[in-house]
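**Q** Mind having a look at this structure? Questions to follow.
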Amino acid sequence: MDKAVIIRPFGFLGFHLCMKLLDEGIEVVGIHIGGSSHSSSSFEEKRMEIGRNANFIETDYLSEELEHTSVIFIDAYDLYFRGNKQEILIYTNIIKSIQKKTTGKIIFLLPNQILLENNEVHNKHRHMLTTNSIQEIYLPTVFGPWQPEEFTFQHFLVSKLKGNSEWTVNKTEDTEDAIFVRDVVEAIFELITNSDEKIVIKHQEKNSWYECAQYLKIPTNQGNNKKLVSEGNIKIKRIQPGITAEEGLEEQKRQIKHLIEER
């Protein structure tokens, strides 16, 4: 792979994936759609962190760049937790436009929570996404630097560092499984194959979210035990993280402190 497109390059996973691809020497075209990336308060900080990498190009529309790209990533992962779950369906619909412009492989990054039984977004997503030429990768709670504040760990850490005692557990996130963001990106990078399989990425060990919560001293019950939709063509990929949860959470905490001090 010489060139990749990332839709929402400054989204949570999109940004870390962009950094990984650039580190590998791969040219990246970042496409912003509907202003969703621009609306983030961290947009400029992320842009500065990427820097003036000659291999990174930004654009606001589905351009001719798609025509010559072998892999297109769509980061819809964190949209589900931002209060408008239906926004994922906007990106499901965008796939139809993308397929008219490219024969490249499309990888759709989604939260595993939309696989829950009787989930309205999942049912609409399945109805709209009738094509088989897309690899869907479903993810548990992903934590680390730049985790959106809608997630429990980020919300708790920001509140604590600002001296605010008010915080809440996000009841829509996976409270069984949690994986550090760079480990997730490594797994996604390894899954770039010719396969169109649907894959759920999970931690090698059970109750990893709860262990993170214990380390942060977040009072919560263990696990949510919600049942995911059983689909015969979905495969489970369990990964063993490269760093401990404690190391990942401390890195996340340092980044938050840096941003608070800078602002």
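Coordinate-derived values only; no laboratory data. Since we're looking at a predicted model, the values are computed, not measured. When we count neighbours, we look across all protein chains shown, and the Cβ atoms used for this are built from the backbone with ideal geometry, even at glycine.
**Q** Pop a pseudo-label 7 angstrom from the Cα along the beta-carbon direction at both E87 and K217 and give the gap in nm to one decimal.
**A** According to this spin-label approximation, the distance is 3.3 nm.
**Q** Next up: Note down the nm distance, to one decimal, between modelled labels 7 Å out along Cα→Cβ at I33 and at D2.
**A** 2.6
**Q** Whole-Hz Karplus ³J(HN,Hα) for segment 205-215, in order, using 6.51 cos²θ - 1.76 cosθ + 1.60 and θ = phi - 60°, x for Gly and Pro?
**A** Values, residue by residue: 9, 7, 6, 5, 5, 4, 5, 5, 4, 4, 4 Hz.
**Q** For the pairs K160/K237; K105/K202; K20/K235; K46/K100, note any where the Cα-Cα span goes beyond 28 Å.
**A** K160/K237; K46/K100
**Q** Another one. What FRET efficiency comes out for L259 versus K100 if R0 is 35 angstrom and r is the Cβ-Cβ distance? Round to the nearest 0.05.
**A** So the FRET efficiency works out to roughly 0.30.
**Q** Something else now. Which length gain, in nm to one decimal place, applies between R52 and T168 when the Cα-Cα distance is subtracted from 0.36 nm times their residue separation?
**A** In short, 38.0 nm is gained.
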